[in-house]
Amino acid sequence: MDAREAILAAIRQKAADKAAAIVQEAEDARTKALAEIEEKAAAKRAAVRSDAQAEAAVLLTNGRILSELDAKKETLIRVQAEADRIYQAAASKICGMADDKYRTFMRELVVKNAEDGDAVMVAAPDKKRLDAAWLADAAKRAGKRLTLCRETHDGQGGVLLVGGVYDKDLRIEELVAAARRETEPAVMAMLFNRSTEPQDKPKKSAGKGKK
């Protein structure tokens, strides 16, 4: 090989080496770029996943809170309805007293609360048992002049004491309402605690063993 060919061969070898180096550098750069892209993508996915998990946790917590609030609201509605039934039952029980006990109960209320000259208005259902004779007895015991109204009120029972200055409401529903204002917090607390107590699981009956 002459000098000229040796030089050309060297140049070709140099060019080949340079080309190989350039290809390797490009490949390394490509590998590095892909790695960086993958790293950023993984970080992004992790961030999105973390955000999604956090959001899911928030939604789950909020859902649990809402569920608990709904449950408490439903419990409160049930308790309120039960309280309504209790006080209504109390009113019905008073109205359903035997006539003699009811007349005594109402007479004592009139004697304690009536003013001299009051007119006594009874409920329509009580017109027979709270009659003129009953009122005469009450007036005598109270030592006051009382008259029986021709009109009746539209309550469940009890009386209205109609006075010259002011009236007194002794209707059964008003008496129960007054009692409710005093006792409802305790009644509601008792009912609410009872309604939220865990129910005992029914015990399994013991079966007979095999012989």
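Which residues, counting only those in region 130-181, are assigned to a strand (DSSP E or B), closer than 27 Å to K93 by Cβ and β-branched (V, I, T)?
If we filter region 130-181 for residues that are assigned to a strand (DSSP E or B), which is where we start, we get 147-148, 153, 158-162, 167-171.
Then keep just the ones that are closer than 27 Å to K93 by Cβ; that gives 148, 153, 158-162, 167-171.
Those that are assigned to a strand (DSSP E or B), closer than 27 Å to K93 by Cβ and β-branched (V, I, T): V159, V162.
In region 117-164, which residues are of a type in the set (D, E) and within 18 Å of L175 (Cβ to Cβ)?
Answer for region 117-164, where residues must be of a type in the set (D, E) and within 18 Å of L175 (Cβ to Cβ): D118, D126, D154.
Can you find even one residue in region 79-95 that is acidic (D, E), farther than 23 Å from G164 by Cβ and over 40 Å from the mean Cα position of the chain (by Cα)?
Checked region 79-95: no residue is acidic (D, E), farther than 23 Å from G164 by Cβ and over 40 Å from the mean Cα position of the chain (by Cα).
Which one of I94, I65, I86 is farther than 13 Å from G157 by Cα and modelled with pLDDT of 80 or more?
Exactly one of I94, I65, I86 is farther than 13 Å from G157 by Cα and modelled with pLDDT of 80 or more, namely I86.
Six or more apart or on different chains, Cβ under 7 Å: which pairs go from a residue in region 164-182 that's surrounded by fewer than 16 Cβ atoms within 10 Å (Cβ to Cβ) to one that's assigned to a loop (DSSP other than H, G, I, E, B)? Could you list them?
G164/G117
Given the criteria surrounded by 13 or more Cβ atoms within 10 Å (Cβ to Cβ) and at pLDDT below 80, does T75 qualify?
yes
Output the number of residues of region 77-129 satisfying the condition of being outside any helix (DSSP H, G or I) and either closer than 26 Å to E182 by Cβ or touching a Gly at 6+ places or on another chain (Cβ under 7 Å) (or both). Give the derivation first.
Start the filter on region 77-129 by keeping residues that are outside any helix (DSSP H, G or I), which leaves 96-98, 114-123, 127-129.
So of that shortlist, the ones also either closer than 26 Å to E182 by Cβ or touching a Gly at 6+ places or on another chain (Cβ under 7 Å) (or both) come out as 96-97, 114-115, 117-118, 120-123.
The qualifying residues number 10.
The values are calculated or read from the model by the stated rules, or taken from the named source; none is laboratory data. From a predicted model like this one, the values you see are computed outputs, not experimental measurements. Every residue, glycine as well, gets a Cβ built from its backbone with ideal geometry; the counts of neighbours run over all protein chains shown.
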